[in-house]
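Asks: Pasting a structure here, questions to come.
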Ligand SMILES: [Zn+2]
């Protein structure tokens, strides 16, 4: 499950078509937020949570598949404080394996994880970060070459380290 935002609302139709061609379901709202999931029910349900009134930080995190412990910590802060929490966490300069959990770049969507870990020793977050590292390695060594144009519109750029 992925939640992101389109930079160009005019590309919503093409993006939806490309995502569906990959065998995935997606929902796009009027502000360009996109939820991509394995099935339409989960995509619609997650978008409904995201658009709901009130504090839905925990429910949205759980719907996106984030660890329960991290969702609980995020809910204590609420949506409005997440960027600040990520910045504070990152300034604590995590070391060792915990560096994989550093949410530096969280606000820009550039951190290793899509969520802010509840702490530097969150085992669930570490497991997720290791999967990302493995996926990056597989992408680098796959047959999809850097800059290859997929479907005439989307360029695939293997993530840099
Ligand atoms: Zn956690």
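All of the numbers you see were taken from the coordinates with simple rules; none came from a lab. Given the structure is predicted, the values throughout are model-derived calculations rather than measurements. A quick note on method: Cβ atoms are made from the backbone with ideal geometry, for glycine too, and the neighbour counts reach across all protein chains shown.
Asks: Once you sort the root eigenvalues of the Cα gyration tensor of segment 1-51 as a ≥ b ≥ c, which label holds: rounded (a/c under 1.5), prolate (a/b larger than b/c) or oblate (the other case)? Don't jump to the answer; show the numbers that get you there.
Replies: Values: a/c = 2.20, a/b = 1.10, b/c = 2.00.
Cα axes put segment 1-51 in the oblate bin.
Asks: Here's another thing I want to ask about it. I'm a student and want to see the number: the projected area of the Cα convex hull of segment 1-140, averaged over all directions, in nm².
Replies: 9.0 nm²
Asks: Right, something else. Going by C-beta contacts inside 10 Å, put 137, 115, 56 in order with the fewest on the left.
Replies: Sorted ascending by nearby Cβ count, the order is 137, 56, 115.
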